[in-house]
1. Mind checking the full-extension length gain between Lys67 and Leu199? Use 0.36 nm per residue of separation minus the Cα-Cα distance, one decimal, nm.
2. Please report, in debye to the nearest 20, how large the charge dipole of the stretch 34-172 is about its Cα centre when each Lys and Arg carries +1 at its beta carbon and each Asp and Glu carries -1 there.
3. Using Cα springs under 10 Å in a Gaussian network model of the chain, which residue among Thr207, Thr181, Thr75 shows the largest mean-square fluctuation?
4. Roughly speaking, to the nearest percent, how much of the stretch 142-290's 1.4 Å accessible area is carbon and sulfur?
5. Taking all pairs of distinct Cα atoms, average 1/r, flip it, and tell me the Kirkwood hydrodynamic radius of the stretch 157-290 in Å to one decimal place.
6. Hey, can you rank 118-129, 237-248 by average C-beta count inside 10 Å, highest first?
7. Would you please give the FRET efficiency between Asp8 and Ile132, computed as 1/(1 + (r/R0)^6) with r the Cβ-Cβ distance and R0 = 35 Å, to the nearest 0.05?
8. Could you please state how large a percent of the accessible area of the stretch 8-93 is carbon and sulfur, counting protein chains only and using a 1.4 Å probe?
Amino acid sequence: MSETIKSDKAKGALCIIASAFCFALMNMFVRLAGDLPSVEKSFFRNIVAAVIAAVTLLKNRESFMWKKGSLPGLTARAVFGTLGILCNFYAIDHLVLADASMLNKLSPFFAVIFSFIVLRERVTVFQGAMVIIAFIGSLFIIKPTPGLLNPASLVGLCGGLGAGIAYTMVRKLTERGERKTYIVFFFSAFSCLLTLPYLIFNFQPMTWQQLLILICAGISAAGGQFTITAAYSYAPAREISVFDYTQIIFAAGLGFFVFGQIPDCLSVIGYVIICGVSLTMFLHNKRQSA
């Protein structure tokens, strides 16, 4: 395997870990923002990313027009990505944070499935097993209870599904040569336009502290969007999506330092399983590319 391919896999893994950290920060800020409507939180989360992406395009003197043939993929990425965000924020507001995070972390699992269906990317037995084991590790952390099967949980599950399809479309778009920054801009602008009518007619006033927190959530989300887009442009979902489970590790750390949450023994077992799977996947890919 060429040095370029090996380098791209490493870059993809690092980018997806960086995105996991950024999205863990975003979820922390979303929770700190209080009881504002999910749609309102979503708007501010996306407007910051849209502005950053637009400034980047202007700075690089790039066109705000999509490449030929990219519109269907961009639209699908934006629709399912918006669905993922709204469902995730709703779950965060209506479930305990651990359950909401677990449901959102199904997105890498769905990404592998839809990469096989949409992109026809081959998934080996080993790669599929690693994703499943990582998912089992997340169950140790969440410790699902009968309450997980309520309507809000089904909404959270839809969030994971939407995100998984969205990341698959990111891979497809970058393979067609669409620019990473433009993908972020189109998605963020689309989401803002979709949620703007709700904000106009149902805006809930917020404090300056809440506004500042939502801006921080938007900045974190922008970092997550740029790095997740880069990750799936470097390597297929089947090879790097498992690293997205590191968000649970980051969330545990932020939960301890910000909210004073201390993981129990089962959670620690889950962390060990997820870290072990990530390390096993990394070593396997390294042997395959040697």
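1. Stretched out fully, the Lys67 to Leu199 stretch lengthens by 44.4 nm.
2. My answer is approximately 680 debye.
3. Looking only at Thr207, Thr181, Thr75, the biggest GNM fluctuation is shown by Thr207.
4. C and S atoms contribute 72 percent here.
5. Value: 17.8 Å, from the Cα pair sum.
6. Averaged packing, sorted descending, gives the order 237-248, 118-129.
7. 0.90
8. 70
The values are calculated or read from the model by the stated rules, or taken from the named source; none is laboratory data. Just so you know, these numbers come straight off a predicted model, no measurement behind them. Neighbour counts are summed over all protein chains in view; Cβ atoms, including those assigned to glycine, are modelled from backbone coordinates with ideal geometry. Remember, those area values only see protein heavy atoms, side chains included, never the ligands or the DNA or RNA. Shrake-Rupley method; radii C 1.70, N 1.55, O 1.52, S 1.80 Å.
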